[in-house]
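Take a look at the structure below.
The values are calculated or read from the model by the stated rules, or taken from the named source; none is laboratory data. Every value quoted in this text rests on a predicted model; they were computed, and no experiment measured them. Cβ: placed from backbone, ideal geometry, glycine included. Neighbour counts: every protein chain shown. Note: areas computed on protein heavy atoms with side chains; ligands, DNA, RNA excluded. Shrake-Rupley method; radii C 1.70, N 1.55, O 1.52, S 1.80 Å.
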Amino acid sequence: MKLYRMELYKLCSKKLFMILAGGIAAVMLWMFSLEVSEEEATIDGVKHVGFEAVQINREITEEFKGVLTDEKIQQIVVKYGLPKKVEEGWGYFRDMNFLNEFVMNYLTNAYINDWNDYCAASVVYPMANTDLGRVMELTGEEIVLEYYKGWRVFLRILSTGMIMGSVLVIFTISPLFANENQNRTLPLLFTTKEGKRKDIKVKIAAAFTVTLGIWIGIFLFDLLLCGSVYGFDGLACYNGMVLNYLFPWPDRMIPLPNYLFLVVLLCFLGIFLLAGITICISAGCKNTFHAVTVTAICWGAPMLIQVFTGFNGIGRLLAAAPLFMVVSGSIDSSFHFWMFPMGIAVVVLVCCVFGAYRKCRRQGR
């Protein structure tokens with residue numbers, strides 16, 4: 001246990017780790033503040049923005065929360081009207097709140113492409129004649145209305161946080177074995193009373209512990225930010241409502257808790273896969289600089305490949321790349337074969353850990 005604590009201290013006590021960790025928190029907080037500042041709510045002709053708008057939208061939704069019906073829709077229209085105000089330079093109606101925007105998007109003929117290309121709502125369709133009705137036909141379930149915008153913000157910030165967390169993993173774990181090779185102390189470490197095998201296992205365990213801490217820290221910080229301002233309503237909705245629009249498509253009609261679980265699980269596997277790859281590369285490099293460089297290239301290369309191949313054919317393998325697994329939006333491209341990247345990630349992770357272990361054992365002989 002003492003050796004394990006020493007390895008954890010070596011990985012986390014460096015100034016670079018502290019600076020990057022603080023930078024991740026600062027960027028996530030900055031992004032969150034931008035998301036909150038963009039919220040708008042117009043009630044009785046009075047426009048509210050930012051935190052106040054979020055609270056107002058949450059409050060007015062409480063009255064209509066639950067199973068959505070045509071009667072509720074009519075009540076919303078009577079109480080809040082439908083958006084119609086347009087201002088030069090703005091590409092959306094300027095008198096919206098969460099409720100009448102929802103009605104406008106799903107149940108009216110309104111559209112706006114630009115401030116000089118729009119059509120205000122002139123008719124409200126029955127639910128049965130809209131995409132909401134088709135979703136109910138396909139699922140056999142009612143549509144539930146809740147204030148779900150907090151989960152949209154959660155997913156956006158989670159992706160950014162996990163990408164930055166991946167960078168932190170690379171810089172933190174790359175020196176694991178490479179630094180010992182650089183200082184030529186690896187054979188010396190393996191002569192300790194703890195034994196060669198235990199030393200290697202402890203180093204690997206410490207690396208994965210740090211990775212787990214990074215993942216938990218980003219996830220909980222994001223959840224705390226969004227929950228404290230937006231609340232946790234929306235879990236009874238479909239993922240399509242949260243992402244953008246509830247199309248009657250299989251990948252847009254996933255219950256939100258299931259979708260969130262899948263996103264979080266893929267993030268977890270993605271960042272752990274990156275840790276495994278980093279450990280394996282570190283074990284084979286003679287200095288830290290080479291370990292960081294090679295790992296960074298392996299991590300970023302799939303982005304360049306994806307530009308030419310997409311996620312089609314052999315390009316489906318890219319869905320298992322750590323860079324894409326931590327981005328919630330990439331699941332939309334791999335929804336129909338989401339177990340495929342998960343399986344690849346587990347296999348590659350095990351192979352990388354086993355490969356690193358064997359390399360280090362041979363070096364210690």
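With a Förster radius of 30 Å applied to the beta-carbon distance between THR209 and VAL347, the computed FRET efficiency rounds to 0.85. Can you work out the PRE-style zone for LEU265? Point 7 Å along Cα to Cβ, and I want the residues of segment 341-355 with backbone N under 12 Å. Answer for segment 341-355: 341-343.
Against the chain, whose longest principal axis comes from its Cα atoms, helix 98-107 is set at around 80 degrees. Taken one residue at a time, the phi angles of segment 121-128 give Karplus couplings (6.51, -1.76, 1.60, θ = phi - 60°) of 5, 10, 8, 10, 7, x, 4, 4 Hz. Gly and Pro are set to x.
Which entry in (1) 23.1; (2) 22.0; (3) 20.7 is this structure's computed Kirkwood radius over Cα pairs in Å? Matching the structure shown: (1). Sorting CYS119, CYS360, CYS298 by accessible area puts them as CYS298, CYS119, CYS360; the probe is 1.4 Å, largest comes first, and only protein heavy atoms count. Across segment 74-140, the relative contact order, built from alpha-carbon pairs under 8 Å that are at least six residues apart, equals 25 percent.
Once the Cα-Cα distance is subtracted from the 0.36 nm per residue extended length, the ASN109 to ARG94 segment shows a gain of 3.7 nm. Per-residue ellipticity at 222 nm from helix content only, as computed over the chain with -39500 (n - 2.57) for each DSSP H run of at least four residues, stands at -21000 deg cm²/dmol. Give the distance, in whole Å, between the Cα centre of segment 194-263 and the Cα centre of segment 96-130. Comparing the Cα centres of segment 194-263 and segment 96-130, I get a distance of 33 Å. When cysteine pairs in the chain are screened for C-beta atoms closer than 4.7 angstrom, the residues that find no partner are CYS12, CYS119, CYS226, CYS237, CYS267, CYS285, CYS298, CYS351, CYS360.
With the simple spin-label model, which puts each label point 7 Å out from Cα in the Cβ direction, the GLU87 to PHE17 separation comes to 4.9 nm.
If you plug the beta carbon distance of ASN244 and PHE340 into 1/(1 + (r/R0)^6) with R0 = 35 Å, you get a FRET efficiency near 0.90. Ignoring the sites themselves, what is the longest stretch of the chain with no GluC sites (Glu not before Pro) in a DSSP loop and at most 15 other beta-carbon atoms within 10 Å? Longest site-free region, per DSSP loop and neighbour criteria: 195-365.
Scalar couplings 3J(HN,Hα) for segment 53-65, obtained by applying the Karplus form with A = 6.51, B = -1.76, C = 1.60 to θ = phi - 60°, are 5, 4, 5, 5, 4, 5, 5, 5, 6, 4, 5, 10, 5 Hz; x denotes Gly and Pro.
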